[in-house]
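Notes follow the structure.
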Amino acid sequence: MLAIGLKGGTALAKSPVSELAIPALATLGLGVTIPLVAFFALRRFGKLETSTAAAMAAFYGSVSAVTFTAAMTFMERGNYRVEGFLPALLALLEIPGIVVALLLAARFSSGLDVRTALREVLTGRSIMLLFAIVAPLLFGPIGVAVGTLAGLGIGGAAVLGAMAASASYSAAPAAVKVALPNVDIAVPLTAALAITFPFNLIVGIPLDTEIAQFLG
């Protein structure tokens, strides 16, 4: 990650603002849209309590730096060109999703009931674990399409797709634990780390690359 950051910083310094502006705006759009979709889908179809749905939205609205690194390595080995400013897009995607999810929790929760929250977490395990696979299959292609429309090449669009498909298991847990202390983060953390992460490594990144090739 240090090497990627150094290379990304150098490339970012050399990149004209006009080249970075549209991809940056597109990435911020993903950072807002993904947690919104996740939150309302889990509330509507998963019947989850507000805080639990917001916690999941925070995890999946943010990004996994390790998945980003894996995607960059995959592109390098496949000889796909990747825009040098992609690490900057990683930084842009990390925080907005968490902020949006917590704002949703504040907006739609009129008071947190511990028993209700815990009951929803326990009974909602199946839908959350299912969402751990549905999320990368949904958000990955969306990220690829957004990257392609924003002018990224095949490699860059595929990496953005992998970023959109990933879930945070570093920044998000800390934020959720502080802002939503009544939510048991074990389930979303397990979904993000034990299911979504390996799924993206095995299926998601290659699939996003194929979609980027098709769209490109």
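Listed values, structure above:
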read-out: Residue that is farthest from residue 209 (Cα to Cα) [pool: residues in the stretch 152-172 that are open to solvent by 40 Å² or more (accessible area, probe 1.4 Å) and at pLDDT below 95]; value: 170
read-out: Residue in the stretch 105-127 that is at pLDDT 85 or above and open to solvent by 30 Å² or more (accessible area, probe 1.4 Å) present; value: no
read-out: Residue list for the stretch 29-57, filter: within 20 Å of residue 142 (Cβ to Cβ) and surrounded by fewer than 24 Cβ atoms within 10 Å (Cβ to Cβ); value: 29, 32, 33, 36, 37, 40, 41, 43, 44, 45, 46
read-out: Those helices (runs of 4 or more DSSP H) lying entirely in the stretch 9-93 with at least 2 residues in contact (Cβ under 8 Å) with a residue 12 or more places away in the chain and under 12 Å from residue 160 (Cα atoms); value: 17-44, 65-77
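Residues are listed down the side, and each one gets a yes or a no for (1) open to solvent by 50 Å² or more (accessible area, probe 1.4 Å); (2) closer than 20 Å to residue 140 by Cα:
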position	(1), (2)
174	yes, no
177	yes, no
183	no, no
198	no, yes
203	yes, yes
207	yes, yes
213	yes, yes
216	yes, yes
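Per-residue answers, yes or no, for (1) among the basic types (Lys, Arg); (2) modelled with pLDDT of 90 or more; (3) more than 16 Å from residue 31 (Cβ to Cβ):
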| residue | (1), (2), (3) |
| --- | --- |
| 46 | no, no, yes |
| 57 | no, yes, no |
| 62 | no, yes, no |
| 65 | no, yes, no |
| 72 | no, yes, yes |
| 75 | no, yes, yes |
| 80 | no, yes, yes |
| 88 | no, no, no |
| 94 | no, no, no |
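The values are calculated or read from the model by the stated rules, or taken from the named source; none is laboratory data. Keep in mind it's a predicted model, so treat the numbers as computed, not measured. As a convention, Cβ positions derive from the backbone with ideal geometry for all residues, glycine included, and neighbour counts pool all protein chains shown. Please note that ligands, DNA and RNA were not included when accessible areas were found on the heavy atoms of the full protein model with its side chains. Shrake-Rupley method; radii C 1.70, N 1.55, O 1.52, S 1.80 Å.
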